[in-house]
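S.K.: Below is a structure I'd like to ask you about.
The values are calculated or read from the model by the stated rules, or taken from the named source; none is laboratory data. Keep in mind that this is a model prediction, so the values were computed, not measured. Heads up, the Cβs are rebuilt from the backbone with ideal geometry, glycines too, and the neighbour counts pull from every protein chain shown.
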Amino acid sequence: MSEALLLVRPTPAEANLTQLIPLGPATRFALHVFGVEAVPTASAGGFDLSGPVGSCRKMGARVSLHLSLHEWRLIAPPSETRHMVAEIQSDLGGVVTSLVEISRRNVSFQISGPNARAILNDLILLDLSDNAFPAGAATLALLGSADVVLVRPGPEALYYVECARKLGPYVQDMLTEATHAFL
């Protein structure tokens, strides 16, 4: 993501501007755990898996998004790919999992600034108020007609939108057009 990593904060000068930034490459895995009520460990491969469904957790440079009961999106800098699979499998022990690298499949955008929530609310039919979508939230959503992952890592007006690479131009155009409506 930004500099190959999620959770980069805007500078104070940038905080007053609404910005849309296409983010750089990142290592991404889709993790599915089968046959258990809960993951038997709070972390795996340096990823915090302890958060409830709909949460975003960060451990060092690694970010986990708990998207559904048995599904996580795991994101890390590209330089950390080499040993991640073995680390995750080792930490999860004998639990049946599906771990699929989706690094090249997806792209991400950062949208930040005073109108970020309003722009996203124009395109995503979810309540993004602080009570409904608090800091540390992550969810699957529709942006226009594109499936996306929406993340609000902290209390700032800063969000991440991740989608399939083939839908990247569509999502970027939708976000750009909506951003211009607030200029």
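S.K.: Which condition breaks for Leu123 when tested against (1) over 23 Å from Ser43 (Cα atoms); (2) modelled with pLDDT under 95?
M.R.: (2)
S.K.: If you go through the stretch 91-120 one residue at a time, how many are surrounded by fewer than 15 Cβ atoms within 10 Å (Cβ to Cβ), within 22 Å of Arg28 (Cβ to Cβ) and at pLDDT below 90?
M.R.: Going through the stretch 91-120 one residue at a time, the tally reaches 1.
S.K.: Same structure again: If His32 passes every condition in (1) in a loop (DSSP other than H, G, I, E, B); (2) in contact with a His (Cβ under 9 Å, 6 or more places away or on another chain); (3) at pLDDT 90 or above; (4) surrounded by fewer than 16 Cβ atoms within 10 Å (Cβ to Cβ) but one, which one does it miss?
M.R.: Among (1) in a loop (DSSP other than H, G, I, E, B); (2) in contact with a His (Cβ under 9 Å, 6 or more places away or on another chain); (3) at pLDDT 90 or above; (4) surrounded by fewer than 16 Cβ atoms within 10 Å (Cβ to Cβ), His32 violates only (1).
S.K.: Considering (1) in contact with a Gly (Cβ under 8 Å, 6 or more places away or on another chain); (2) at pLDDT below 95; (3) of a type in the set (Ser, Thr, Tyr), say which one Ser55 fails and leave the rest.
M.R.: Ser55 satisfies all of (1) in contact with a Gly (Cβ under 8 Å, 6 or more places away or on another chain); (2) at pLDDT below 95; (3) of a type in the set (Ser, Thr, Tyr) except (2).
S.K.: Quick one: what pairs do we get from the stretch 13-36, first residue over 22 Å from Ala181 (Cβ atoms), second among the charged types (D, E, K, R) and modelled with pLDDT of 85 or more, C-beta under 6 Å, 6+ apart or different chains?
M.R.: Pairs found: Phe29/Glu101; His32/Glu71.
S.K.: OK, next. Of all residues in the stretch 150-182 being in contact with a strand residue (DSSP E or B) (Cβ under 7 Å, 6 or more places away or on another chain) and among the basic types (Lys, Arg), which is nearest to Thr27 (Cα to Cα)?
M.R.: Arg165
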